[in-house]
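None of the figures in this text is laboratory data; all of them are computed from the coordinates on show. Quick caveat: nothing in here was measured; it's all calculated off a predicted structure. Cβ coordinates were reconstructed from backbone atoms using ideal geometry, including for glycine residues, and neighbour counts include every protein chain displayed.
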Amino acid sequence: MKTLSKGILAKPLFAVSLAACSPAMAIDINDSSQIHGFVNQAFLYSPDNPYAGTDSKNGSVKFRELGVNGFTELTPEFRLAGQVLSRQQDEADDGDVRIDFLLADYLVFSDQNISFGIRAGRVKNNIGFYNAIRDIPSARPGYNVPDSIYFDAFRDTLLSIDGVNLYGSVLFSENLITWEVSGGQRNINLDDFEEFAFGQRVSMGKSDDIPLWLLNLNLVPAFDRDLRLGLSLVDLTIDLDETQSVAEAQEALMSAPPGDITANPLSYVTDGKFEGLLAIVSAQYSYQDWIMTAEYLNLETDFHAEIIGQPSSDSVTTEGYYLQLEWLATARTSWFTRYEELYLDKNDRSGEITARPNNRYRGFGKGWTLGGQWRFATDWSVMGQASFNEGTAWLPNYNGREDEDLDKYWNYYVLSLNYQF
């Protein structure tokens, strides 16, 4: 264990993530620098509900990912790394090129039992088992990561932060603990957040970069090295800016139908603030050719607002989980199945309170996913996936979805081709 742990203790996480691309075919700039990349093109068919856009109801190829990443090791302790990414998801993501992460990593200390380092810049966030690698197609168990835990509405916000990350590892009595503490800020797509949280937009509300604080712990116990346990905590605050004035809200109310403020109070918000604490508990066990993974999410959200100048507050607990089984059938083929559930308000599991006129089932999601992958060449793989869902809690948001009449039961099917180097 000590021989194995020494390599783990000394190797920064981003190097492990980059290696998930294809180290054998990486472009070597020199002895200490490499470039990796990937292209993923998918065909997605969602006949019941529009998945990220209406084109998917008839089948769409507007689903692709392109990424280039690399690192250079200036000294054995100091490295630079980064990735640029383009992601198109029909109407939900337009494919603009973005800086996924760009950081400097300094390994301050490392020996047989302890390591400690610091990263600064745009740093990837380790939240649960899949957040930090969710943008690398070959590292995902299927076409997408579990929707019940890794919300697409917060993808870019939680993927990385602009700030500082402290990380380390400790080996004691043959137990290996890895930890990370991060602090910084990141922008948020407030429209997507409000659509996810409320099923509608908060009138005229905007938000600048929001502060995030994160803690991630992982344990590989001495009694079973095939077991991995994890805990992730994320604290965030969203202050609404540029909301309407009290006078503007009063004027809007006077021209609205009678009783509208009761039926639709968010249209009259004159100030607002969200405070959230996200917790994810994770467990993974490997046995021969099988990998069993389970994660549980609890999100406590407090909303403090002024409705036409009058204070109002509300608290909601969001709850989700999934169970996943992977079978590494051969060196080139793998299969998986996953069951998951998500409740935007755990006290409203039927979704009656959170229902919207066009989307009565937005408050919950339940689903089975089946899929497989075939790596038919060193750099190429093809993946197929079928998902069978009840409720629309994780149906991707896009401008115009609010005009669609959504079904309770909906399926989607994906076939994707991936190239990596």
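Can you pull the one-decimal nm distance between simple spin-label points at Glu77 and Lys57, each 7 Å off the Cα toward Cβ?
Taking the two extended label points, one gets 6.1 nm.
With r as the distance between the Cβ atoms of Ser255 and Ser286 and R0 = 45 Å, compute the FRET efficiency 1/(1 + (r/R0)^6) and round to 0.05. Write down the numbers at each step before the final one.
Working: r = 62 Å, r/R0 = 1.38.
Approximately 0.15, to the nearest 0.05.
What dipole magnitude, in Debye to the nearest 20, does the chain give about its Cα centre under +1 on Lys/Arg Cβ and -1 on Asp/Glu Cβ?
Taking the Cα centre of the chain as origin, the dipole is about 1660 debye.
Identify which of Ala252, Ala294, Ala52 has the largest mean-square fluctuation in a Gaussian network model of the chain, with springs joining Cα atoms closer than 10 Å.
Ala252
Give me the one-decimal nm value for the distance between modelled label points at Ile177 and Gln310, 7 Å along each residue's Cα-to-Cβ direction.
Calculated label separation equals 5.0 nm.
Beta carbons within 10 angstrom, averaged per residue: use that to sort the peptides 408-417, 309-318, highest first.
408-417, 309-318
I'd like to compare 383-390, 173-180: which one has the highest average count of other Cβ atoms within 10 Å, and what's the full order after that?
Put in order of decreasing packing, that is 383-390, 173-180.
Find the lysine pairs in the chain meeting two conditions, Cα atoms under 28 Å apart and a separation of 8 or more places or different chains, and report how many there are.
Here the count comes out as 17.
If each of Val164 and Leu325 carries a label point 7 Å out from its Cα toward its Cβ, how far apart are those two points in nm?
Between Val164 and Leu325, the label points sit 4.7 nm apart.
Would you mind getting me the FRET efficiency between Asp224 and Glu402? Use the beta-carbon distance for r and R0 = 51 Å, nearest 0.05.
The computed FRET efficiency comes out at 0.60.
Which net charge results when you count Lys and Arg as +1 and Asp and Glu as -1 among the other residues whose beta-carbon is under 15 Å from that of Phe43?
Result for the local shell: 0.
Based solely on its DSSP helices, what 222 nm [θ] is calculated for the chain when runs of n ≥ 4 H residues each add -39,500 (n - 2.57) and the sum is averaged over all residues, nearest 500 deg cm²/dmol?
Helix-only estimate at 222 nm: -2500 deg cm²/dmol.
Using Cα-Cα distances under 8 Å and only pairs 6 or more residues apart, what relative contact order does the chain have, in percent?
Computed over the chain, the figure is 15 percent.
Between Glu390 and Trp368, 0.36 nm times their residue separation minus their Cα-Cα distance comes to what?
Working: separation 22, 0.36 × 22 = 7.92 nm, distance 0.93 nm.
Result: 7.0 nm gained on full extension.
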